[in-house]
Amino acid sequence: MAEGLRERKKRQTRQHISDVATGLFLERGFDAVTIAEIADAADVSVNTVYNYFPAKEDLFFDRSAGVVDRLPRYVRGREVGESAARGVLRQFTAEVEAVSPTVGLFAGYDRFMRVIQGAHALKARLWYLQQEVVEQVENVLREETGAAADDPLPTLVGGQLAWVQGTLMGFVGRQMMAGREVAEVSREALVLLDEMEDLLSERVLNYAVRPAP
């Protein structure tokens, strides 16, 4: 369905508030910026900000849904004959090779990470997002394999896939904050992905293989 005028205006307002808030956070830090200042800079009311973003942390992690949903998408998008883990590794490898901003490979990612490091509230929210990642990928693995509710394998394998994502993103973030060049970080991240694959057991690497139709 085509987006209506009302929906488009709401989406544009939401994006405008998010962009203004992000600029202020990057400039001054998360704790130093108030909702009232964000509303004033975005030329909206404080209530309007809260209508779109129930908590201040939501403004910073505005695109968190894409991060939480990434592993489930990669698992669902695995190819015929490909396991969940190999599908995830293939997709991450492609993103790193493409020097994609979705894995933090862009100039300025260090500023984003420094804002997180400087705010306990953001570090706490990031932890909750990571737990949500584990839960979501576990649910998808159960759906894809038909595993029983008491089968521990979706939980165990989901935790390993979340480890791959968390380790990759953590590595990229640390290297970018250290002032490394994006191309160098990309090359080293590819090596890291290979090393993580070597550490995964055959049981994990062969779990949830997509059968032929």
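Nothing in this text is a laboratory measurement; each read-out follows from the coordinates by a stated rule. Everything quoted here is computed from the prediction, not taken from an experiment.
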Once the Cα gyration tensor of the chain is diagonalised, semi-axes √(5λ) in Å: 34, 22, 16
For region 108-201, diffusion coefficient by Stokes-Einstein and Kirkwood Rh (Cα), 4 °C, 1.567 mPa s, µm²/s: 86 µm²/s
Whole-angstrom gap from region 155-208 to region 56-96, using each part's C-alpha centre: 12 Å
Pairs of alpha carbons in region 30-125 whose separation is greater than 17 Å (percent): 65 percent
